1. I'd like the full set of residues that are under 22 Å from Ser28 (Cα atoms) and touching a helix residue (DSSP H, G or I) at 6+ places or on another chain (Cβ under 6 Å), limited to the range 38-67.
2. Looking at Asp148, Asp166, can you tell me which residue is at pLDDT below 95 and more than 21 Å from Leu26 (Cα to Cα)?
3. Out of all the residues in the range 89-122, which are among the small types (Gly, Ala, Ser), free of Cβ contacts under 8 Å to residues at least 24 places away in the same chain and within 17 Å of Glu48 (Cα to Cα)?
4. Checking the structure you have, find out if any residue of the range 107-118 is farther than 18 Å from Asp153 by Cα and modelled with pLDDT under 95.
5. Considering the range 19-56 alone, what residues qualify as being on the phi > 0 side of the Ramachandran plot and either outside any helix (DSSP H, G or I) or acidic (Asp, Glu) (or both)?
6. Output the number of the condition that Val58 fails; it satisfies all remaining conditions of (1) farther than 28 Å from Glu187 by Cβ; (2) touching a residue at least 24 places away in the same chain (Cβ under 8 Å); (3) among the hydrophobic types (A, V, I, L, M, F, W, C); (4) surrounded by fewer than 21 Cβ atoms within 10 Å (Cβ to Cβ).
7. Just need a number here: residues in the range 61-91 that are of a type outside the set (Gly, Ala, Ser) and over 15 Å from the mean Cα position of the chain (by Cα).
Amino acid sequence: MEIGAWGDSITYGAGDTTGLGWVGFLRSHFYEKDYGVYNRGICGDTTEDLLKRFEIEVNSIEPNLIILAVGINDSKIPEGQAGNKVPFAQFQKNIKELIDKAKSKAQKVIVVGLTEINEETVGSSSVFRNETIKKYDDYLKEIADVEDVNYVDMQGVLDIQSDLEDGLHPNAKGYKKMFNKILPYIE
């Protein structure tokens, strides 16, 4: 079985000093079963970025299971700009396209919801807001239901006081919680 996880820095495992992240915990968990687990998380990626590389990367590993974990950077409000990095309507279109592509390439598709941030730790000038993240996450849940793919809700999974390395990225403990939430959707 081949499993591919596509997404951003939280997929990559940024903030985890053990170097695992939730995808690394999956790789470790499935090691004995000889599953291939591929981490295709790139820091800073949005749905726009992922669309540019997705098909080539999927074709290179031909996964049976595709996990999409992207969207928090889309919700970001770049400094000095009025809107989100990827406007909501474009995000909706991009996610639909990613799910369609994933469904055409793998037997199973999982969409991982967005995590909350600690706005106090990140700071008041943060370009991330839980209210906006929730709006983007609500759409992930909605489109997963419409497209009949699994959705893993990450809202409330992390303790924003103790599970985040920098207010945005989980630490090893937080990634372990994410892994534990995602694993039942795979097995």
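The values are calculated or read from the model by the stated rules, or taken from the named source; none is laboratory data. This one's a predicted model, so the numbers in the text were calculated from it and none came from an experiment. Counting neighbours? That spans all protein chains shown, and the Cβs are built from the backbone with ideal geometry, glycine included.
1. Of everything in the range 38-67, those that are under 22 Å from Ser28 (Cα atoms) and touching a helix residue (DSSP H, G or I) at 6+ places or on another chain (Cβ under 6 Å) turn out to be Tyr38, Asn39, Arg40, Gly41, Cys43, Val58, Ile66.
2. That would be Asp166, the only listed residue that is at pLDDT below 95 and more than 21 Å from Leu26 (Cα to Cα).
3. Ala89, the sole residue that qualifies.
4. No, the range 107-118 contains no residue that is farther than 18 Å from Asp153 by Cα and modelled with pLDDT under 95.
5. Passing the criteria: Gly19, Asp34, Gly44.
6. Every condition holds for Val58 apart from (1).
7. Qualifying residue count, the range 61-91: 14.
The rows are residues; the columns are (1) β-branched (Val, Ile, Thr); (2) touching a residue at least 12 places away in the same chain (Cβ under 8 Å).
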{"residue": "Val127", "(1), (2)": "yes, yes"}
{"residue": "Asn130", "(1), (2)": "no, yes"}
{"residue": "Asp137", "(1), (2)": "no, yes"}
{"residue": "Val146", "(1), (2)": "yes, no"}
